[in-house]
Amino acid sequence: MAQSAATGKLWVVATPIGNLDDCSPRAQQVLRQVDLIACEDTRHSASLLKHFGIATRTLAVHEHNEREVSGDLVRRMHEGAQIALICDAGTPLISDPGFRLVRAAREAGIAVSPVAGPCAAIAALSVAGLASDCFVFEGFLPAKSAARRAHLQALIGETRTLIFYESSHRIVESLTDMAQVFGAARHAVLARELTKLFETVLDGPLQELVQRVSTDTDQQRGEFVLLVAGAGDDADAARLVEGHRVFGLLRKELSPSRAAKLAAEITGAPRKTLYESVES
Ligand code: SAM
């Protein structure tokens, strides 16, 4: 959509998810220079702004009033105002308000520019050691167990790494549901309090995580990103287990190379891995 030179701009500014040193110099500069900061919660953001000595005026824009105030903010930007959008922590719009305002601004031809920075999902993925070429961000799961399980059921076959946000009061329940739906052996990573004092990143089979977290109340405190390996990993592992079983049976009658070839054809396990297991 065409932009008029006289219009203002909407800056979508990421702020720290814990460690205030993660607030980039550019984020600070934009927040200092804009005419108005649209905050998810003005009181919450006040401490961040105070920390950096930023005195810019703020306005609350949250899920309950976003639709209502977006039109007014767009009008102000048309009149030349520069507005920054921030949320309580991390990147706006990512499980946070702002999508309606961004859409309204874009539809009105206002320039919308990101000031990139922290995002809990991406920070967690960057340290999880799970496949990161393709992933699915699922945000928060439903609060009620039946709905949560139904949601997880629909994801059983998902081959990409799954990323969820979870709060402290549901972390044990969600992990337990995941172990039941995805299977106890599915690999997962629990990233807690990232960039903060009590940061911990636990990884292991889902059942092991359920055990560790449910027996340690410290591990139930704070903010969590829960990452689950895609179904592909499990299917490969299951194929390999079956491949070894069939290979072991065929080996009694056939040469290792013939047994490996047939076992691979029957089960889909990689022939080379089966064959090489004879050596090891
Ligand atoms: N917009 C934010 C972002 O960019 O990550 C997410 C906002 S969402 C309302 C808040 C959730 O993000 C928390 O409940 C938790 O699941 C996750 N989260 C935020 N900060 C975190 C941190 N420091 N460590 C782990 N998870 C965090």
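Out of curiosity, is V34 touching a strand residue (DSSP E or B) at 6+ places or on another chain (Cβ under 9 Å) and either within 29 Å of F137 (Cα to Cα) or open to solvent by 40 Å² or more (accessible area, probe 1.4 Å) (or both)?
no
This table checks each residue for (1) touching a residue at least 60 places away in the same chain (Cβ under 8 Å); (2) in contact with a Cys (Cβ under 9 Å, 6 or more places away or on another chain); (3) outside any loop (DSSP other than H, G, I, E, B).
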site: T7; (1), (2), (3): yes, no, no
site: W11; (1), (2), (3): yes, no, yes
site: D21; (1), (2), (3): no, no, yes
site: L31; (1), (2), (3): no, yes, yes
site: A38; (1), (2), (3): yes, no, yes
site: L48; (1), (2), (3): no, yes, yes
site: A55; (1), (2), (3): no, no, no
Report summary line: Across (1) in a strand (DSSP E or B); (2) within 16 Å of P16 (Cα to Cα), V112 clears everything bar (2)
Requested in this report: Select from the range 78-88 the residues that are touching a helix residue (DSSP H, G or I) at 6+ places or on another chain (Cβ under 8 Å) and over 18 Å from R106 (Cβ atoms) and list them in ascending order.
Outcome: I86, D88
Query - Verdict on R76 being under 22 Å from R103 (Cβ atoms) and not hydroxyl-bearing (S, T, Y) - result: yes
Query raised in the report: Any idea which residue in the range 93-118 is farthest from the ligand (Cβ to nearest atom), counting only those that are out of contact with any Leu (no Cβ under 9 Å at 6 or more places or on another chain) and within 13 Å of V12 (Cα to Cα)?
Result: R103
Requested in this report: Among the residues of the range 81-104, count how many are among the aliphatic types (A, V, I, L, M) and either within 16 Å of L49 (Cα to Cα) or part of a strand (DSSP E or B) (or both).
Outcome: 5
Query raised in the report: Could you list, in sequence order, the residues of the range 178-194 that are surrounded by fewer than 20 Cβ atoms within 10 Å (Cβ to Cβ) and touching a helix residue (DSSP H, G or I) at 6+ places or on another chain (Cβ under 6 Å)?
Result: V181, A184
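For every residue, the table says whether it meets (1) touching a helix residue (DSSP H, G or I) at 6+ places or on another chain (Cβ under 8 Å); (2) outside the structural domain of L194 (by TED's automatic domain parsing).
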{"position": "L93", "(1), (2)": "yes, yes"}
{"position": "S126", "(1), (2)": "no, no"}
{"position": "L141", "(1), (2)": "yes, no"}
{"position": "S145", "(1), (2)": "yes, no"}
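The values are calculated or read from the model by the stated rules, or taken from the named source; none is laboratory data. This structure is a prediction, so every number in the text was calculated from the model and none was measured. A quick note on method: Cβ atoms are made from the backbone with ideal geometry, for glycine too, and the neighbour counts reach across all protein chains shown. Accessible surface is based on the protein model in full, side chains and every heavy atom, while ligands, DNA and RNA are left aside. Shrake-Rupley method; radii C 1.70, N 1.55, O 1.52, S 1.80 Å.
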